[in-house]
1. How would Asp80, Asp169 line up from fewest to most surrounding beta-carbon atoms within 10 angstrom?
2. GluC sites (Glu not before Pro) within the stretch 96-155: which are DSSP loop residues with at most 11 other Cβ atoms inside 10 Å?
3. Roughly how many debye, to the nearest 20, is the charge dipole of the stretch 45-177 about its Cα centre, given +1 on each Lys and Arg Cβ, -1 on each Asp and Glu Cβ, and no other charges?
4. Tilt of helix 4-38 relative to the longest C-alpha principal axis of the chain, in degrees (0 to 90, nearest 10)?
5. Roughly what % antiparallel, to the nearest 5, for the DSSP beta bridges in the chain?
6. Enumerate by residue number the chymotrypsin sites (Phe, Trp or Tyr not before Pro) in the stretch 77-177 meeting two conditions: DSSP loop (anything except H, G, I, E, B), and at most 13 other Cβ atoms within 10 Å of the site's Cβ.
7. Please go through the stretch 118-177 and write out the trypsin sites (Lys or Arg not before Pro) that DSSP classes as loop and that have at most 15 other C-beta atoms within 10 Å.
8. Suppose a student asked you for the relative contact order of the stretch 57-125, using Cα pairs under 8 Å spaced at least 6 residues apart; what percent would you report?
Amino acid sequence: MAGFPKKLRFLAGILGFSLLWLWVRFPYEMRNASEKLLGISREIDPLQLHLSGEFVESNLGTEVDSQGSVTVRLLAQQYDFVPRCMLVPAGAAIHFRITSADVVHRFTIAGTEDQLEVVPGHVSELQAHFEKAGEYTTPCHEFCGAGHYNMLSRVVALRSDAFPKLRPDQRVNCATP
Ligand code: CUA
């Protein structure tokens, strides 16, 4: 029985480690599993962004669904938000979905408290309002490299009666070539 305490210590170590794993990882694994089941996973592979899925270039910009909900999808990458200019209806709830192709960026709306950390591998979400029609700048507020200080996009909010008059392809973005 000389080795008993040692064995016991070993078992206690394994048990402790398992409990620690459960405590740290379990909520995360459960959330991931439930998001996958519900089809709302926020995990995304940065290497596949340009090839397929929600953030391919043709799917970026403003989308209005059949219920009238407005979603803006953006890709953050050194040193641009794509698209660089977004059209939205003023006064409506705008749901932003943003991911990063490379490093951590921070999407902000100048003159408001709204900001969103954008991390590669993850879809970040923000609900925003643009009460008045006009132009809003949306700079990056996380140092992301040499071009950080020029990383800027803008939102053009149109009067709520003007926005629906645009064709769906005109609503996507207002970036000039
Ligand atoms: Cu992106 Cu700073």
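1. Fewest-to-most Cβ neighbours within 10 Å comes out as Asp169, Asp80.
2. Within the stretch 96-155, the qualifying GluC sites (Glu not before Pro) (loop, at most 11 other Cβ atoms within 10 Å) are Glu113, Glu131.
3. That gives a dipole near 440 debye.
4. 20 degrees
5. Values: 25 of 38 bridges.
Rounded to the nearest five, the antiparallel share is 65 percent.
6. Details: sites: Tyr79, Phe81, Phe96, Phe107, Phe130, Tyr136, Phe143, Tyr149; in loops: Tyr79, Phe130, Phe143.
Listed in order of number, the matching sites are Phe143.
7. On the way: sites: Lys132, Arg154, Arg159, Lys165, Arg171; in loops: Lys132, Arg159.
Answer in residue order: Lys132, Arg159.
8. Computed over the stretch 57-125, the figure is 26 percent.
Any read-out appearing in this document is the output of simple, stated calculations on the displayed coordinates, not a laboratory observation. What you see is a predicted model; the values in this text were computed from it and never measured. Counting neighbours? That spans all protein chains shown, and the Cβs are built from the backbone with ideal geometry, glycine included.
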